[in-house]
Amino acid sequence: MARIIIPFPFRKHTANQREVDIQGESLSQVIEQLIQRYPGLRTMNENPALLSVFVNGKQIQGQAKEWDNVPLRSDDEISLIIPIAGG
Amino acid sequence: MSDLGHAVRIDLPDHLWQEIIGHCRRKLAGDFLPGETPVRRAYGILAGDLEGEVMTVRLVLPVKKNARGVEPFKTYMDTVMAEHAVQSTTPMDRRGWITDPEELMACFRRIDEQGFTAFGTYHMHIVAWAGDPTRDTPTRLDTVLARNSNLVSFIISMVDREHPTMRAFYEGRPELEIPISITG
């Protein structure tokens, strides 16, 4: 059961929960199941290129299509980050 | 309450307001910190307590890095700016800012550790535009970039460097202003 830290701006979609435990064997599975459980989080993945993922504090390189190859252990902590930008 | 769109007022202690202005003035003076992207732009994260419909700012986190020139953010910003930024003599690749993921994660972690809520971002506007002498509201680009963010965009007008002002807009939408009260 991996633990996902929900980024602040998206906690309105998880009833203000900071972290959510999700079962899954790979990073892509876990993210897919997270979005299934909280469909409002789909906006987080609107532009997959902008989504950065950290597992236990270490950034996972590559893009969403490559995350099938990232295995997870049951005690892994995943942080999701969408950048903030301005003009 | 996790939807900041319901807030009716933002209380900003004066010492934190001074911290924000200090950040803006330092960047304008070209006085950069080690590890800071050397650009005359000031931006950061504001966090604090949310009680009922009132946000109280407790923490100012200036952001040091600008990932504007780093892929995939460069392509994203180039695309959005080509469509929404107003004409300017400043080259496009020197306009706009976007946070570095690692730095933003560290900011969010610190906010969580202190038990605060991330309210939004601040950034400054420094040049008056024809028809917009104060520049204290979000540009169309600001609005596009803040879409669906559930964050408040704090816009600091540094057009008059001696008398800066700040206004706040939910998701950078000009019609969703939240009044700011500077408190003692």
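What follows draws every value from the coordinates through simple rules; no lab data is involved. Note that this is a predicted model, so its numbers are computed, not measured. Because the Cβ atoms are built from the backbone with ideal geometry, glycine has one as well, and the counts that use them run over all protein chains shown.
What the table below lists for this structure:
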quantity: Per-residue average of Cβ from other chains inside 10 Å of A:47-55; calculated: 3
quantity: Three-way shape call for the protein assembly as shown based on the alpha-carbon gyration tensor, with the a/c threshold at 1.5; calculated: prolate
quantity: Within chain B, longest stretch free of exposed GluC sites (Glu not before Pro) [DSSP loop, at most 16 other beta carbons within 10 Å]; calculated: B:54-161
quantity: Largest-first ellipsoid semi-axes for chain A, taking √(5λ) over the Cα gyration tensor eigenvalues, angstrom; calculated: 18, 16, 12
quantity: Nitroxide proxy distance, nm - points 7 Å out along Cα→Cβ at residue A:75 and residue B:147; calculated: 4.3 nm
quantity: Taking chain A and dividing mean pair separation by its residue count, relative contact order in percent (alpha carbons under 8 Å, at least six apart); calculated: 40 percent
quantity: Peptide B:107-118 - average C-beta neighbours from other chains (10 Å radius); calculated: 2
quantity: Residues residue A:42 and residue B:112, FRET efficiency given R0 of 25 Å [Cβ-Cβ distance, rounded to 0.05]; calculated: 0.60
quantity: Within straight-line cross-link reach of residue A:65, lysines at Cα separation under 23 Å, skipping those fewer than 8 residues along the same chain; calculated: B:74
quantity: Chain B: C-alpha gyration tensor shape, a/c 1.5 cut-off, then a/b vs b/c; calculated: rounded
quantity: Of the DSSP H helices in chain B, those whose Cα atoms cover at least 15 Å axially and whose Kyte score averages 0.5 or more; calculated: none
quantity: Whole-number percent relative contact order across region B:74-177, with pairs defined as alpha carbons under 8 Å at least 6 apart; calculated: 23 percent
